[in-house]
Each structure stands twice: as structure tokens, then as C-alpha cells.
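The values are calculated or read from the model by the stated rules, or taken from the named source; none is laboratory data. The structure presented is a predicted model; accordingly, all values stated were derived computationally and were not measured. Glycine gets a Cβ as well: all are built from the backbone with ideal geometry, and neighbour counts include every protein chain shown.
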Amino acid sequence: MPRETGTARTKDDRDNGIVWLLILFLFLFELTIGFLTYLTGPLLVVGKPDIKTASVVMADFNVGTTSVDLKSIPAESEKQSVKIKVSEIKRDESLQTAIPSATASTTEIAIASTTEVAVASTTEVATASTTAASSPAHAVDTYTLSYIAGDGGYLVGSTTQVVANGERGIEVTAVPNNRYGFYSWSDGSVVSTRADTALATSSNFTANFVLIPIGKSRASSLSNIATITSGTYIVSAGGTANETITGVPFATNKAAFLSAITKGQADQAWNDTSISDQVVSNDTLVVTAQNGTAVVTYTVTVDAPPPPPGGPG
């Protein structure tokens, strides 16, 4: 009897060990399945324009010709994990993953429109800027007219004027101080009030004044000689306001012409603006005496040009 009792206990122990091994096996099996499910569980991939392939796990959603129904998935109580795998699907123009086609189209259109507008706007602005830069408005030439008062007087008017080419400036008047008289401007003009036209270059004009001795009038203290002489040309001496200068060789330049004339009085004012750089007939030289009242205009006559070499014919 004792032997049978020991034999029965040994059999029960063996049966219990087998049960525990089965339990352990099932536990490890469940643990392994759960781990694999965790590692290889389904992933949701949102399609992007530059993704060529995608794995999609969806419920009741058709991708191409592949359809997956969640009803076919075993219940959770069966403690089984089902891995639904949609094999790699190559990207084509009609594939939209996880985004409804209408939404994707709207997004694409919005992005495309925004890009096109931005590019178009930038291009138009750049083109307009380039056109404006390449077609600058023509700048109008301007010149400065400057007026300066010499010793013995002052000026009335704008002494510095910026005047457009060909336009006339504002009048300026030279006014002498007490015991002084206006003599002339630096360019030979004897008119105290002037307004000049700006042409080709900026210009400076100085008003010259002379001291009048006590007890004498300006007219009696200043020279009235407005005559000239020349050892090269023939200068008339008729004593009138209009005289002549003749015998001027053909093609004489202005500097040579003026250097061959001698003033009758050192303080004379000359206005030679009507003398051409290559002197021609009918040019005029206006000579004003120191007193500013005696004025003589000399009209120039130039000799005929020499005959061509070899004579006529």
C-alpha cells in the first residue's frame, strides 16, 4: 500500500508539471505574438507627391483594386493579432492616400495659384523696375549765374541763380555806395541792371565801381574816351557813335583781332560778344568810355578770301 500511494503521487506531480509547461508555453506564445504585433503593427502613411510607394492600412477604403473589410478581422477576445498588409502600391497620378481627392485637388490648386501669383507679381515688379531704370527721364541742363559786387557798391537781386539752359534769369542791379559810381560789369556791359540767359556754361559777373573825388561830379571825374586805334587795321575816327574797322585779313581769329587793337583809354569797357571766333564782315565791337555815357560801335569789314592756287580758270 505505501508503494501504491507513492506511485499515485508521482503520476499527479508529472501531470501537474505538464500543465505548467503548457501554461508557460501559451504565455510565451502570447508574449511573442504581442511583441511581433507591436513591431509590425499597421501604419498609416499619408501620401506625398514625392513618395513613390506606400503601405496603407484602412478600413472599408478602396485603394486601386485592393479592399479591406474590418468585419473579416477576428474578435479581440480570440487574442489574435491580424496584420493587414497592402503590398507596395506604385504611385500614379490618380492615387491619393489618406486624403480625399477633392481636398487634395483644392490644396494643389491653392498652392499652384499662390505660387503663380507670387512669381507673376515678382516678375512684373522686376520688369517694371528694369524698364524704369533703362529709360530714365531726360535731365534738363541747368547752369549757375553768379553776381559779385566789387569795392564801392552792392547788388540788389538774387546773386546766385540756377537757371535751365536757354532760360532767362532774374534781374540784378549794381548800386554804388556814397561817393562811388557804377563803372561796368566784368563782361563789358555798362548797364547797371541786367538779366542773363543761361547758355552752355555757368557764368560769373562782377560789378565794378569807381570812387568819385570830393567836389567833382561823376561825369567830370571819369574819362569820356570811347575811341580805339590799330597799327594793323584801318580804324575810322569820325567822332560819331558808329565807326568802322577795315582791312582785317580773311580767316583772322578773334584773339588775334583783339590783340591788334589799342584802347584810347585804359579804363574803357569792351563788349566783344558780337565778334566771331573767325572774324567775319559785319561783326561789331562796342566800346564804352569810363563815364559810361560815351559809347561807340565799330563795325568790322573782312578782306575777301585769296584766289585759289593757280589763278582763275
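Could you tell me whether any residue of the range 278-297 is more than 30 Å from PRO176 (Cα to Cα) and either touching a Lys or Arg at 6+ places or on another chain (Cβ under 6 Å) or β-branched (Val, Ile, Thr) (or both)? Within the range 278-297, one or more residues are more than 30 Å from PRO176 (Cα to Cα) and either touching a Lys or Arg at 6+ places or on another chain (Cβ under 6 Å) or β-branched (Val, Ile, Thr) (or both). Taking residues in the range 245-257 that are within 10 Å of ASP283 (Cβ to Cβ), and partners anywhere that are surrounded by 13 or more Cβ atoms within 10 Å (Cβ to Cβ) and charged (D, E, K, R), the pairs with Cβ atoms closer than 7 Å and at least 6 places apart or on different chains are VAL248/ASP303. Residues in the range 150-179 that are aliphatic (A, V, I, L, M) and either within 31 Å of the chain's Cα centre (by Cα) or in a loop (DSSP other than H, G, I, E, B) (or both): VAL162, VAL163, ALA164, ILE170.
When GLY152, GLY247, GLY238, GLY169 are checked against the criterion of being of a type outside the set (Asp, Glu) and in contact with a Pro (Cβ under 8 Å, 6 or more places away or on another chain), a single residue qualifies: GLY152. Screening SER189, SER134, SER121 for residues that are surrounded by 14 or more Cβ atoms within 10 Å (Cβ to Cβ), hydroxyl-bearing (Ser, Thr, Tyr) and at pLDDT below 90 leaves exactly one candidate, SER189. Within the range 180-198, the set of residues being part of a loop (DSSP other than H, G, I, E, B) and not aliphatic (A, V, I, L, M) comprises SER186, ASP187, GLY188, SER189, SER192, ASP196.
When the range 241-255 is filtered for residues that are under 52 Å from the mean Cα position of the chain (by Cα) and farther than 30 Å from THR293 by Cβ, the ones remaining, listed by number, are ALA251, THR252, ASN253.
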